[in-house]
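Peer 1: Have a look at this one.
Since every read-out is calculated from the coordinates, none of them should be taken as a lab result. Note that this is a predicted model, so its numbers are computed, not measured. Cβ placement follows ideal geometry from the backbone for every residue including glycine, while neighbour counts extend to all protein chains displayed.
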Amino acid sequence: MIYDAAVIGAGTAGLAAALRMAEGGLKVIVYAKGVGSTHLTGGTIDVLGYTPHLVEHPETELPSFVDAHPDHPYARLSVATINDALGWFRGRMTTYDYTGNLAANLMLPTAAGAPKPSALVPETMAAGDLRGGGRFVIVGFTQLKDFYPAYLADNLSRFEAAPGLPVNARSVTQRAPIAQADVTPLSFARHFEDAEFRKAVIAGLEREVGGSDAVGFPAVLGLGEARTVCQELQDGLGLPVFEVPTLPPSVPGMRMFNALKRALSKAGGTVVMGGPALGADATGERVEALVTAAAARTRSYRARHFVLATGGFASGGIVMDSTGAVKESVLGLPVAGVPPTGEERFSPGYWASHPMARAGVAVDDALRPVDADGDVLYANVRIAGAAIAGAEPWREKSGEGITLATGYAAASSILESDA
Amino acid sequence: MDLIDRLADEGAHESVRASLDHCVKCTICESFCPFSAATPLFPGPKFVGPQAERFRDPTGSSPDISLDYCSGCGICTQVCPQGVKIAEINARARGRLWAERGVPLRNKLIARPSLSGRLATPFAGPVNWALGNPYVRNLVERIGGVHRHAPLPRFAGRTFRAWARKHRSPVAPKTIVYFHGCSTNYFEPSLGAMAVAVLEHNGYRVIIPRQDCCGLPLQSNGSFDAARTYVRRLAASLAPYARRGHDIVATSTSCSLMLKREALEILDVDDPDLAIVSARTYDICEYLVLLHERGELATDLEPLEATVPYHAPCQQRGHGIGKPAMELFALIPGLNAVDLDIDCCGIAGTYGLKKEKYDISMAVGDRLFKEVRTAGSEVAACDSETCRWQITHGSGVPAVHPIELLYRSYNLSG
């Protein structure tokens, strides 16, 4: 079979690109070494949070940000495309609603109690918006490791939304009615889908949350039934309830993965996972087939278009060997933004801007890979997500925005080229 | 060269064990494990795998019995974004666990389908009656540890080999070898006949060499030495054909995975017979799709007006070949095949037969059973025999091998 499009990578960028193409009537296959970034992210779509000053209105600030960073992935997209990508994504999250837009960032607490700017957020998190200040109770469970409500609340209380708009937070730790001593976030989420369990949690908290404006929980409030679980807690406690993302595995990330994958399957797309993509068969400017590692032999998938959504260094999409040579790992594409030999790759300060941080594949406005002269290397390949050069997502708080918008735009570009 | 590649050159064992150093503790495997989701008795693939492996002294004992609640479905390895061979690490550790403690008699018995097949076939009538009788099953559960409701297959009473001995495959331009496995021989001989007919229809003379069990059930029940003996013997009987350049196709997807990968990666069987057999062995749907890609598959397929829910079994996904059955179904006019896209049916070979694991197995399969029932079809399709029996048991809908649908669409019943 010749697929219309083969996508490499099953993170947010890969799944979004695949789903959009499948919806557009293309026969799509997603090939991935394993599950991607979704399970590690908090579930919010952060488009632009710092430039380095705090961004309150991404839509207004994106044009000047792009002017200042002409090699940034956002410089390859229009603000309208980023907006469309967010709108499209919201429309796909049918059982797990999202709220927000490019006009203004919400400020949501992280598990460390730091306010983080996000453009599009799960509705289950929205009541944690700190922009208006307020009084919050943060709930933790003794059996849930890695979520410290007192630490979160203390840090949160140091934040002042604006002069005269303080944040006051306190914590409550509850023993959940689970026999085990150490329970994962996912297991908690499954317990929350049991009505009896919810009742017990509500009963234990009723007298603890008085005098507050909203109650924060670790983001374990159900997997497929998050909407119902949150509503019931809200009704039971008589207060708005919000989730705070936990350390991985991230339940909100799983909800996103499940929704995207289910929609893709419904739209006729195929997902194959398990072995690495080894390379590609290419003739001149075109990739003909993706070569993958199957049991006992390789397996090739022929396609007319390819989307490379393999991520950056963290997920092996970009690799550096012991000699310092850097390349893209599937097609061997050149990597832009690598400091020349002899120059420093990293700064001494952990939080500082690192010369190496923006390394990735350079792309044109159709997200096709280009060489140092700007010439297109493969006309039927698009790059999406963290493999693209030019961003420092952890400093900009732009990671999900880039992956989602470039995944969406890569698909659009392919659909347009076919039209 | 990557450390993992280097170690791969030094033997499968080292590469499997060394892969644990790629574990970044993201717990994605934990989130996908269908068995830890169904029982607190299994803490999950990361905990008993990359985590516990660091504490397993090659010379010391392996204390953790919770490992036995891993079904070996292999989903953890498939979803791991770092390439850690979690299921393989766990299978090896389970082998050691049972080597130390002694494999229970029950595990030894249910892991030898060819032995039970040989013994029971002449008495299929009474044996099937007995295994369908609640009193007998109650007794079998108490004495033998096989759950009274577990989906045991019915003996066909006639073997596929008996059919094959009488069958003359017509002279054809191409030759292929059929590895039928135990279940086709003793439980589903008609599947073997259908596979042969489909291959012959595609211009192959089909050779059916003498063959015995691949050893997979023994491996998953912890009898590694016995499993090695079986898989070596099977490889030796298939190797002469592979050396002559013949490809080998199999309808039993877990058994072909044993030949392709597991015997090397889990059992450390590193011999030349296995290597050549491994390189020549294909899942039958995989093979037919490759034929189709070369434009060599017969496409005189007649319409089958039906909706068929399809379940790709865990072991099938372990081949890393996508879902070739779905690609074949797409060629059949009128057939609406629905990929259920559910991780596991719960049976995992012999796991769900065991009295202490039956309920876990049924809980794992619950969503699949519901979806199969909801589809409202006359049949479901699935590549693996034990999964088919489990689906039929859990949903009440008979499950067939994808080849059966192709056979019907080719209209080969004569």
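Peer 1: Sort B:307, A:270 so that the residue with the fewest other Cβ atoms within 10 Å of its own Cβ comes first and the one with the most comes last.
Peer 2: B:307, A:270
Peer 1: In what order do A:254, B:258, A:1 fall by count of nearby beta-carbon atoms within 10 Å, going from fewest to most?
Peer 2: A:1, A:254, B:258
Peer 1: List the residues of region B:83-126 whose backbone N lies under 16 Å from a point placed 7 Å from the Cα of residue B:64 along the Cα-to-Cβ direction.
Peer 2: From region B:83-126, the list is B:85-98.
Peer 1: So which lysines can residue A:397 reach, going by Cα to Cα under 22 Å and dropping same-chain residues fewer than 8 places off?
Peer 2: Correct list for residue A:397: A:116.
Peer 1: If you split all Cα-Cα distances of chain B into 10 Å bins from zero, what percentages do you get per bin, shortest first?
Peer 2: 5, 22, 33, 27, 12, 2, 0
Peer 1: Divide by every residue of chain A the summed helix terms, -39500 (n - 2.57) for each DSSP H run of at least 4, and state the resulting mean residue ellipticity at 222 nm, rounded to the nearest 500 deg cm²/dmol.
Peer 2: After summing the helix terms and dividing by the residues of chain A, the value is -8500 deg cm²/dmol.
Peer 1: Another question, if that's okay. Any chance you could run the full-extension gain for residue B:270 through residue B:99? It's 0.36 nm times the residue separation minus the Cα-Cα distance, nm to one decimal.
Peer 2: Result: 59.5 nm gained on full extension.
Peer 1: Could I ask something else about it? With the crude spin-label approximation of a point 7 Å out along Cα→Cβ, what separation in nm comes out for residue B:207 versus residue A:110?
Peer 2: 6.3 nm
Peer 1: Looking only at other chains, what is the average number of their beta-carbon atoms within 10 angstrom of each beta-carbon in B:22-33?
Peer 2: Whole-number average of other-chain Cβ neighbours for B:22-33 is 6.
Peer 1: Here's something else I'd like to know. What Kirkwood hydrodynamic radius do you get for region A:361-405 when you take the inverse of the mean 1/r over all pairs of distinct Cα atoms, in Å?
Peer 2: Across region A:361-405, the inverse of the average 1/r is 11.0 Å.
Peer 1: Something else: Compute the relative contact order of region B:281-380 as a whole-number percentage, counting only Cα pairs closer than 8 Å that sit 6 or more residues apart in sequence.
Peer 2: Result for region B:281-380 is 29 percent.
Peer 1: Going through the cross-link list A:199/B:354; B:323/B:355; A:261/B:323; B:85/B:323; A:199/B:370, which pairs have a Cα-Cα distance over 25 Å in this structure?
Peer 2: Too far apart for the 25 Å limit: A:199/B:354; B:323/B:355; A:199/B:370.
Peer 1: Under a Cβ-only charge scheme (Lys and Arg +1, Asp and Glu -1), can you give me the dipole magnitude of region B:298-409 about the Cα centre, in debye to the nearest 20?
Peer 2: 440 debye
Peer 1: Treating only the Cβ atoms of Lys and Arg (+1) and Asp and Glu (-1) as charged, compute the dipole magnitude of region B:3-101 about its Cα centre; round to the nearest 20 debye.
Peer 2: It comes to approximately 180 debye.
Peer 1: What's the local net charge at residue B:173, with K and R +1, D and E -1, over the other residues with C-beta under 13 Å away?
Peer 2: Neighbour charge sum, excluding residue B:173 itself: 0.
Peer 1: To the nearest 10 degrees, how steep is helix A:58-68 against the longest Cα principal axis of chain A, on a 0 to 90 scale?
Peer 2: It is inclined by approximately 40 degrees.
Peer 1: For the pair residue B:279 and residue B:378, what calculated FRET efficiency results from E = 1/(1 + (r/R0)^6), where r is the Cβ-Cβ distance and R0 = 41 Å, to the nearest 0.05?
Peer 2: Rounded to the nearest 0.05, the efficiency is 0.60.
Peer 1: Name the residue farthest towards the positive end of the dipole of chain B from the options B:146, B:128, B:256, assuming +1 on Cβ of Lys and Arg, -1 on Cβ of Asp and Glu, about the Cα centre.
Peer 2: B:128
Peer 1: Hey, another quick one. Fewest first, what order do A:318, A:388, B:332 take by the number of other Cβ atoms within 10 Å?
Peer 2: Sorted ascending by nearby Cβ count, the order is B:332, A:318, A:388.
Peer 1: Could I ask something else about it? Can you compute the FRET efficiency between residue A:68 and residue B:296 using 1/(1 + (r/R0)^6), with r the Cβ-Cβ distance and R0 = 45 Å? Round to the nearest 0.05.
Peer 2: 0.20
Peer 1: Shifting gears a bit: Per residue of B:338-346, what is the mean number of Cβ atoms on other protein chains within 10 angstrom of that residue's Cβ?
Peer 2: Rounded to a whole number, the mean comes out at 2.
Peer 1: Can you tell me, using C-alpha contacts under 8 Å and at least 6 residues apart, the relative contact order of chain B as a whole percent?
Peer 2: Averaging sequence separation for qualifying contacts and normalising by length gives 15 percent for chain B.
Peer 1: In nanometres, what is the gap between the two model label sites at residue A:181 and residue B:336, each 7 Å from Cα along Cα-to-Cβ?
Peer 2: Label at residue A:181, label at residue B:336, 5.4 nm between them.
Peer 1: Right, something else. Add -39500 (n - 2.57) for each DSSP H run of 4 or more in chain B, then divide by its residues: what number comes out at 222 nm, to the nearest 500 deg cm²/dmol?
Peer 2: Value at 222 nm, helices only: -13000 deg cm²/dmol.
Peer 1: Kindly rank B:21-32, A:54-65, B:165-176, B:85-96 from highest to lowest mean number of other beta carbons found within 10 Å of each residue.
Peer 2: B:85-96, B:21-32, A:54-65, B:165-176
Peer 1: Going toward the positive end of the dipole of region B:3-101, with +1 on Lys and Arg Cβ and -1 on Asp and Glu Cβ, which of B:32, B:49, B:76 do you reach last?
Peer 2: B:32
Peer 1: Pairs of Cα atoms under 8 Å, at least six residues apart: use those to get the relative contact order of region B:3-101, whole percent.
Peer 2: It rounds to 32 percent for region B:3-101.
Peer 1: For chain A, with the dipole built from +1 on Lys and Arg beta-carbon atoms and -1 on Asp and Glu ones, taken about the Cα centre, which of A:401, A:389, A:91 lies farthest toward the positive end?
Peer 2: A:91
Peer 1: May I ask you to list the chymotrypsin sites (Phe, Trp or Tyr not before Pro) in region A:335-419 that are in a DSSP loop and have at most 10 other Cβ atoms within 10 Å of their Cβ?
Peer 2: Of the chymotrypsin sites (Phe, Trp or Tyr not before Pro), the ones in loops of region A:335-419 whose Cβ has at most 10 other Cβ atoms within 10 Å are A:350, A:351.
Peer 1: Set the Förster distance to 30 Å, then compute FRET efficiency between residue B:190 and residue A:291 from the Cβ-Cβ distance, nearest 0.05.
Peer 2: 0.20
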